[in-house]
Amino acid sequence: MTKKQLTISLNEVIFFFTRAGFGVKAPIGVAEDFARSNVWIAENGFDPSLCSLGALDNVDSQASDLGILFKKTENGGRFYCPSDLYLSSLIASVSVVDRINLGINDNQLVLRNVDFPILVIAAMGANKCNGLQAFWLDESNHEYSVRFAAEGVWEVVSSNSQPIELSKGANMIIQPVSSETTSPSNANVKRYTTANEKEKILQSGVRVGENWQGIYDYFSRCLVKSTAESLASGAGAGMVDTD
């Protein structure tokens, strides 16, 4: 598992990332949504292990909190962490999608100090939140704008060349797409068509790099250690399919 380049399937993304989320004690429903977001990440040509290991590390080290609160505001609503820690993107992404499904109309949602915005974007993409856009300025003073203008097509506009998956620590604003959107000066623009990248993934698999070992380590926390006692209690596979 220490190879720098490993290829896995989309089904294996679901299998490993659900259990990796559970490995940091995320609720099972949150862990399942985390895995589905990582499928979307992979389908768009990103390495899901690079996008998600930081979020898992933050929860594990208690730099981020899985606790979340919501407050209605004049312009819509605000999600925030009840502590002074980062708001974990594992729980923020689930909460945002749930709120969007209730209908945000012309209002906006604000996420305060979310650790890794890419996972919020991935959850929105995986749940087809078309017609919405997200803006943020991260702790490195980098600006990002993501637009979901049509199903399966999304656009990233940034003020720098730093990959979106490395953006960390941001107050995100999510609202309906507006024709009044302004781009940062010297903007970098990249458009993605999910169907095109997904076709490549189905042919060649999902490539994960050196961060995969960290994902596998969290996954491994869910494994039952092989002992005489665990085998006696029924752990492990049988010798034949009917066992």
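Annotation note: Cβ proximity below 6 Å between a residue of the range 71-83 that is closer than 13 Å to I104 by Cα and in contact (Cβ under 8 Å) with a residue 60 or more places away in the chain and a residue that is of a type outside the set (G, A, S) and outside any loop (DSSP other than H, G, I, E, B) (sequence gap 6+ or interchain) occurs for G76/Q108; G76/L109.
Filtering the range 106-119 for residues that are on the phi < 0 side of the Ramachandran plot, among the aromatic types (F, W, Y) and assigned to a loop (DSSP other than H, G, I, E, B) leaves a non-empty set. What residue, among those in the range 1-22 that are surrounded by fewer than 20 Cβ atoms within 10 Å (Cβ to Cβ) and of a type in the set (V, I, T), is modelled with the lowest pLDDT? In this case the residue turns out to be T2.
Looking across K72, K25, one residue alone is among the basic types (K, R), within 18 Å of the chain's Cα centre (by Cα) and not in a helix (DSSP H, G or I). It is K25. State yes or no: is R99 more than 12 Å from the chain's Cα centre (by Cα), within 25 Å of S178 (Cβ to Cβ), assigned to a helix (DSSP H, G or I) and without any contact (Cβ under 8 Å) to a residue 40 or more places away in the chain? Answer is yes for this residue.
May I ask you to verify whether L90 is part of a helix (DSSP H, G or I), at pLDDT 95 or above and surrounded by fewer than 24 Cβ atoms within 10 Å (Cβ to Cβ)? So L90 does not fit the description; no. When G45 is tested against (1) at pLDDT 95 or above; (2) surrounded by fewer than 18 Cβ atoms within 10 Å (Cβ to Cβ); (3) within 15 Å of the chain's Cα centre (by Cα); (4) not in a helix (DSSP H, G or I), only condition (1) is not met. In this entry, G131 passes the filter for residues that are surrounded by fewer than 19 Cβ atoms within 10 Å (Cβ to Cβ), closer than 23 Å to T194 by Cα and touching a residue at least 40 places away in the same chain (Cβ under 8 Å).
The values are calculated or read from the model by the stated rules, or taken from the named source; none is laboratory data. Since we're looking at a predicted model, the values are computed, not measured. FYI the Cβ positions are ideal-geometry reconstructions off the backbone, even for glycines, and counts take in every protein chain you see.
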